[in-house]
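Read through the structure below, which is laid out as structure tokens, and then see the notes.
Values quoted throughout were computed directly from the atomic coordinates according to the rules given, and no laboratory measurement underlies them. Here the structure is a predicted model, which is why all the values come from computation and not from measurement. A quick note on method: Cβ atoms are made from the backbone with ideal geometry, for glycine too, and the neighbour counts reach across all protein chains shown.
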Amino acid sequence: MSVQSDFKNSKPGRWQPAVTSDPLLRKHGALGQPISRIDGPLKVQGKALFAAEFAYGNLCHAALAYSSIARGRITSLDTDAAEKAPGVVLVMTYKNAPRMKAPSLMMSSPTAAGASDLPVMQNDEIHWNGQPVALVLGETQEQADYAASLIEVDYASLPAVTSFADAKKKPRQLETVLGEPPVLEIGDAEAALLSSQVKVDGIYRTPRQNHNAIELHAATVAWNGDELRVHDASQLLDLTAGQLADIFGIDKSKVRVSSPFVGGGFGGKCLWDHQILACAAAKLAKRPVRIILSREGVFRLVGGRTVTEQRVALGANSDGKLDALIHTGIVAMTLHNSCPEQFTFPARHLYAAKTFRIAQEVADMDMLANTFMRAPGESVGTFALESAIDELSDKLGLDPIELRRRIEPEKDPTSGKPFSSRHLIEAYEKGAEKFGWHRRTQKPRQRREGEWLIGMGCATATYPYYRFPGVSARIRLAADGNVTVSTAAHDMGMGTATAQAQHVAVRLGVPLERVSFEYGDSSLPRGVIAGGSTQTASIGGAIIAATEVFIEELIKLAGNDSPLAGLSLDEVELRDGGIGHRSDVARFETYHSILSRSRREELVCQGEAAAPAEMEAFSMHSYGAQFCEVRVSEITGETRVSRFVGSFDAGHILNAKTATSQFKGGIVMGIGLALTEETNFDERTGRIVNASLAEYHVPVQMDVPQIDILFSDEADPQAPMGARGIGEIGITGVGAAVANAVYNATGKRIRDLPITLDKLI
Ligand code: MOS
């Protein structure tokens, strides 16, 4: 079964209902409607069980002790006091932990899930400041926490690279940046820059950031013989199941990981040491174990966004056309993780230029493995690139939207591939109108209200379209007309289940109330990670493939006595609770009738989406225009975002309400990136010193103004359902939109995030 047939006859460009082959896009009904999340009532009634809420008899509670050096060896471990403390069930260290294989790095194989490939509590080696050195199981959480505080560890330190400046002296060349070449050159960009009439050339810096989802990382785990049951908070449960099987040397069929509800996941709810340690301790203690990281624990063992230093240089002629686009730089990484923070990705696809030089390298440090965090690469890459575009527009004396109009490419500027669908300029035009962009003055520092300087900025948002192969879905049609679609997907609150239920209702021609979407369990047909804004299209492709099998099976079941007799897959459509000829309304039979005539209780079909050939043939990206108004106090340097408009071109929108929330959530996180979020990493010791929400500042309600969201709803003819992903794009461009607004307000160009008061006074 192939998902290809879903879009093989379609044409790029504006969506034309008459030419696409996806019957879904000809239908009206539930798709696109702003339906509230179907999991919402369970959550507000407290009936949705999260990872740490599963009850087991004889359950014990885990607490961790963390290393306080960045690199070296453990020379002594005194656990006596902890072992004697009240309620202690077990103290586990590298000395008594079960022997386990090290995780494999994510993307190194189709089943690998490790954010790091370091062995977990298997020897005396310390690789980062904050590495777990002991796990205590207690009858209560408080007893475990207290006992963990009694553990004494001595270390022999080894020289550690904890300064980014030192690490940068020995840059490492990557072989690939997530499948793209780390260096990409078209023409001689440095020479072209030198001879350009107008140029900007700047260094932009972005700090480390840590994951701070509301729900702390947690798992409840239990062994039954050699079968392992894990209730996780996960955005990659299928991979987690396979990886845990590998680590403990058991068959994947023996591991079941479920994660129906997740209290926020932005790339951090993956497989880290805590789940592995909880499984190991449960094995050792022969009791079910619950582990909940403290907020500090999340900072210690869950990696986040790494530090970047980027150069963007633009050379233009006097009408703004680019002679040279240079985007290069370096990020901190470790030898034990797989996230190179692909900040150069936007520059490869956004603007037309005669020459390009794009290059990124990494600097290895002794630190916690960094990882994916909402729009890894693009969020910080667009800060640099889109700030530079603004600087260029300022030098040219040209409105920044007009500049972008002049450098809008006709095809992908570096790959030469056609765009599947691109409406960036329209997004700018719609956003500008909503925002009132015409009131902005090109010259900075022109508007003030008392101590407050007011400015407006804009920036481009962009994120690639990805779809994963190997994703399956199962459709179960019951005799009563109810439909259940199952796949090992994730809903972390973004509306996966709701949007796909809408999709199934429209595709199968049944009322939404009759559709259940079953997800969040590794025992279901193979799903996909909830990451990289890939899940919606990947599941969509699997449901389309399963629907093709479903139609074939229905035609077979209907047999020769049916009005459908003799019809082929291409001649039928699903509508009104049944299947019929596309144009001959008389040739129709309901699902109920087909099942009862064939004396079947149910029809179950499964399909797997074909490889994502569309990604090879087309340059596929989502776009957006971010508009920000700021007020900056001339006295304190305090910046307040006072208005925000996000105008997006992300393909067909499957649910206007949940999509709007996704875009808004991204923008809120972007406001944090722009103004407050920064992990303070002590460069002497490699210790994160602000490991709490009191000192690591995420935006709160009072930091977030009215945010207006617009979207084009232009179906992408190459994507299943016409939909590209929307999870990450909201955060991209926000850092630059805020920085550009700060420049417009104050005349000060801030190239280092976050834009704190000290940088403005
Ligand atoms: Mo994300 S960084 O794809 O959860």
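Taking all Cα pairs closer than 8 Å and separated by 6 or more residues, the relative contact order of the chain comes to 18 percent. The modelled label-to-label distance for the pair residue 195/residue 158, using points 7 Å beyond Cα in the direction of Cβ, is 5.2 nm.
Distance between the pseudo-spin-label points of residue 479 and residue 139 (7 Å out from Cα toward the beta carbon): 5.4 nm. Stretched out straight at 0.36 nm per residue, the stretch from residue 429 to residue 411 would grow longer than its current Cα-Cα span by 4.4 nm.
Placing pseudo-labels 7 Å out from each Cα toward the beta carbon at residue 99 and residue 123 gives an inter-label distance of 1.4 nm.
A simple count of charges around residue 125, restricted to other residues whose Cβ falls under 15 Å of its Cβ and scoring Lys, Arg +1 and Asp, Glu -1, yields -2. Applying 1/(1 + (r/R0)^6) with r as the Cβ-Cβ distance of residue 600 and residue 33 and R0 = 41 angstrom yields a FRET efficiency of 0.80. Computed from the C-beta positions of residue 402 and residue 611 and an R0 of 25 Å, the FRET efficiency is 0.05 to the nearest 0.05. Taking 51 Å as R0, compute the FRET efficiency from the Cβ-Cβ separation of residue 55 and residue 449 and round it to 0.05. In this case the efficiency is close to 0.35. Among 333-343, 667-677, the peptide with the highest mean count of other Cβ atoms within 10 Å heads the list, and the full ranking is 667-677, 333-343. Report summary: the helix-based calculation at 222 nm, which adds -39500 (n - 2.57) for every DSSP H run with n ≥ 4 and divides by the residues of the chain, gives -7500 deg cm²/dmol. Ranked by the mean number of other Cβ atoms within 10 Å of their residues, highest first, the peptides 289-298, 493-502 come out as 493-502, 289-298.
Computed across the range 469-611, the Kirkwood radius stands at 15.3 Å (inverse of mean 1/r, all Cα pairs). Note on residue 95: lysines with a C-alpha under 20 Å away, same-chain residues under 8 apart excluded, are 84, 283, 286. Consider all pairwise Cα distances in the chain and report the whole-number % of them above 46 Å. Looking at the chain, the distances longer than 46 Å represent 24 percent of pairs. For residue 343, nonlocal amide neighbours, meaning residues 5 or more places apart or on other chains whose placed amide H falls under 5 Å from its own, do not occur. Using Cα-Cα distances under 8 Å and only pairs 6 or more residues apart, what relative contact order does the range 469-611 have, in percent? Computed over the range 469-611, the figure is 35 percent.
One Cα centroid belongs to the range 258-305, the other to the range 636-686; the line between them spans 26 Å. Available extension along the chain between residue 251 and residue 68 is 62.3 nm, counting 0.36 nm per residue and deducting the alpha carbon span. Beyond 28 Å between alpha-carbons counts as too far, so tell me which of 168/199; 354/434; 101/269; 170/354 fall in that bin. Result: 354/434; 170/354 exceed 28 Å.
Helix screen, the chain: DSSP H segments with Cα axial length of 20 Å or more and mean Kyte-Doolittle hydropathy at least 0.0 are 378-396, 535-558, 656-675. Charged neighbours of residue 684, selected by a Cβ distance under 15 Å, balance to -2 (K, R count +1; D, E count -1). Kirkwood hydrodynamic radius, the range 53-126, all distinct C-alpha pairs: what's the number in Å? About 15.2 Å for the range 53-126. Sites listed here are trypsin sites (Lys or Arg not before Pro) in the range 630-738 whose DSSP assignment is loop and whose Cβ has at most 11 other Cβ atoms within 10 Å: 684.
Among the listed pairs 321/411; 252/556; 43/254; 395/664, those with a Cα-Cα distance over 26 Å are 252/556; 43/254; 395/664.
For the peptides 573-585, 141-153, the ranking by mean Cβ contacts within 10 Å, running from highest to lowest, is 141-153, 573-585.
For the chain, the antiparallel share of DSSP beta bridges with both residues in that region comes to about 75%.
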